[in-house]
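Trainee: Below is a structure I'd like to ask you about.
The values are calculated or read from the model by the stated rules, or taken from the named source; none is laboratory data. All of these numbers come straight from a predicted model, not from anything done at the bench. We place every Cβ from the backbone using ideal geometry, glycine too, and count neighbours over all the protein chains shown.
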Amino acid sequence: MRNLLLIKAQVMRSMRDFMTQEGFIESFYPGITNATGSCEAIGNVFVLKLPRFLTLMQTAQLAMEAELVGSDLPRMYTLSRSFRKEDRVGDGRHLQDFALLEYEALGFCGPGKALLEEVDAGTFTLEGELPVNTDGGLKAFGHPIGATGLRMCYELYNQLLGKAGPRQIKNPQLGLAMAQGGHPGNLMPIVTILGRKD
């Protein structure tokens, strides 16, 4: 437990230091809201038992968009916690904040290895053994539903043909894009694999 707490603290401190060096201003979002906080339809929220409809926020997306427009600050970030009411067998009383480790889910590394070993080793960078999100991913583009999957495939196309410019990785042979669609609790992963003809 002690080591995990120290690792979490170091990771958060490192992220804040990096963002500050890059000129970003940290934003603090409301934890309780009358909406999910997302532009997407999300049904599995924690509804609070209060006289008016309030929930724990799942994402700071809408709050951040309003702040960017209203503050005239071009570079902002937040380290937000996302609360989801997941169906659980046995005990559904506990709040769950989540982080998606899709590197592990896709088998790129073993359980618990993505953050502590592979990311730290640079495995997923442009120069690494297995580059991931070569165009910056959702953090760089946002998430227009539907168009996200097309953008990922277009990045694979550019990489495979050597047309990715400064993002180009060395001699790619295969590329994989993974997206999810559906409704919370009933999501379907969509995996596309593209390769060179030669």
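Trainee: Answer yes or no as to whether MET15 is of a type outside the set (Asp, Glu), touching a Ser or Thr at 6+ places or on another chain (Cβ under 7 Å), at pLDDT 70 or above and assigned to a helix (DSSP H, G or I). Write out each step before concluding.
Mentor: Values: of a type outside the set (Asp, Glu): yes; touching a Ser or Thr at 6+ places or on another chain (Cβ under 7 Å): no; at pLDDT 70 or above: yes; assigned to a helix (DSSP H, G or I): yes.
So MET15 does not fit the description; no.
Trainee: Report yes if VAL132 is under 24 Å from MET12 (Cα atoms), surrounded by 15 or more Cβ atoms within 10 Å (Cβ to Cβ) and modelled with pLDDT of 80 or more, otherwise no.
Mentor: Numbers: under 24 Å from MET12 (Cα atoms): yes; surrounded by 15 or more Cβ atoms within 10 Å (Cβ to Cβ): yes; modelled with pLDDT of 80 or more: yes.
Yes; evaluated as a whole, the condition is true for this residue.
Trainee: A follow-up question, please. I need a count of the residues in segment 165-181 that are within 13 Å of ARG196 (Cβ to Cβ) and in a strand (DSSP E or B).
Mentor: 2
Trainee: Within segment 39-49, is there a residue that is within 24 Å of GLN180 (Cβ to Cβ), modelled with pLDDT of 70 or more, surrounded by fewer than 16 Cβ atoms within 10 Å (Cβ to Cβ) and of a type in the set (Phe, Trp, Tyr)?
Mentor: Yes, because at least one residue in segment 39-49 is within 24 Å of GLN180 (Cβ to Cβ), modelled with pLDDT of 70 or more, surrounded by fewer than 16 Cβ atoms within 10 Å (Cβ to Cβ) and of a type in the set (Phe, Trp, Tyr).
Trainee: Ok, one more. Can you name every residue in segment 135-152 that is modelled with pLDDT of 75 or more, surrounded by 14 or more Cβ atoms within 10 Å (Cβ to Cβ) and in a helix (DSSP H, G or I)?
Mentor: Filtering segment 135-152 for residues modelled with pLDDT of 75 or more gives 135-137, 147-152.
This time we only want the ones that are surrounded by 14 or more Cβ atoms within 10 Å (Cβ to Cβ), so: 135, 137, 148-149, 151-152.
Matches in segment 135-152: GLY137, THR148, GLY149, ARG151, MET152.
Trainee: If you take the residues of segment 50-100 that are out of contact with any Gly (no Cβ under 6 Å at 6 or more places or on another chain), surrounded by fewer than 11 Cβ atoms within 10 Å (Cβ to Cβ) and of a type in the set (Lys, Arg), which of them is modelled with the lowest pLDDT?
Mentor: Of everything passing the filter in segment 50-100, ARG93 is modelled with the lowest pLDDT.
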